[in-house]
Structures are given as C-alpha cells and as structure tokens.
Amino acid sequence: VPVLFKQPLKNMEMEEGKSVSLHCELTKADATVVWKKGEATLQASAKYEMKQKGTVAELVIHNAEPEDA
C-alpha cells in the first residue's frame, strides 16, 4: 500500500529572519520523508531541522530568507 499525504502542505508567509515550521501528515507511521527544494534534497543542518513522530513529519527552517520560498 503506498504512503499518501492526508493533507497537502499549505503556503505560509513568514518574516525574514524568523523560523517557520512546515508539517505533513502521512497515511503510514514512520514512513521515510525526504524534504526537497526544487530538485535539491535538504539535509539536516543549523538552517534545516527535520522531525518525525508517528504519521507527522515536520521541517523547521531557521532564519528564513526570501531564497527559502
């Protein structure tokens, strides 16, 4: 059975320099989630924090900049 998103990601607006959190909920717990920006796969770093608990995956972007759109 394929893993699907229960709800699509929503567009968010954020002040430059602040942190923003994106969430997605999946139909299967602990499925592997890969966050991408265009074709580039994001890696955990001081800028990008990835979390996952059960069916919810989260990407936190610290110090958001216009280039993070």
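Only the coordinates and a few stated rules stand behind these numbers; no lab work does. Note that this is a predicted model, so its numbers are computed, not measured. All Cβ positions, even for glycine, are placed from backbone atoms using ideal geometry, and neighbour counts span all protein chains on display.
If packing is taken as the average count of other Cβ atoms within 10 Å, what order do 26-35, 6-15 fall into, highest mean first?
Per-residue mean Cβ counts within 10 Å order the peptides as 26-35, 6-15.
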Check: Which length gain, in nm to one decimal place, applies between ALA69 and GLU49 when the Cα-Cα distance is subtracted from 0.36 nm times their residue separation?
Finding: 5.6 nm
Next item on the list: Sequence neighbours fewer than 8 away in the same chain don't count; with that in mind, list the lysines whose C-alpha is under 23 Å from LYS53.
Entry: LYS6, LYS10, LYS28, LYS36, LYS37
Check: What percent do you get for the relative contact order of the range 5-68 when only Cα pairs under 8 Å and 6+ apart count?
Finding: 41 percent
Item checked: Rounded to the nearest 20 debye, dipole of the chain from Cβ charges on Lys, Arg, Asp, Glu -> 380 debye
Notebook entry, point to check: Out of these labelled values of Cα extents along the principal axes in Å, (i) 47, 16, 16; (ii) 32, 26, 24; (iii) 39, 23, 21, which was calculated from the coordinates shown here?
Noted result: (iii)
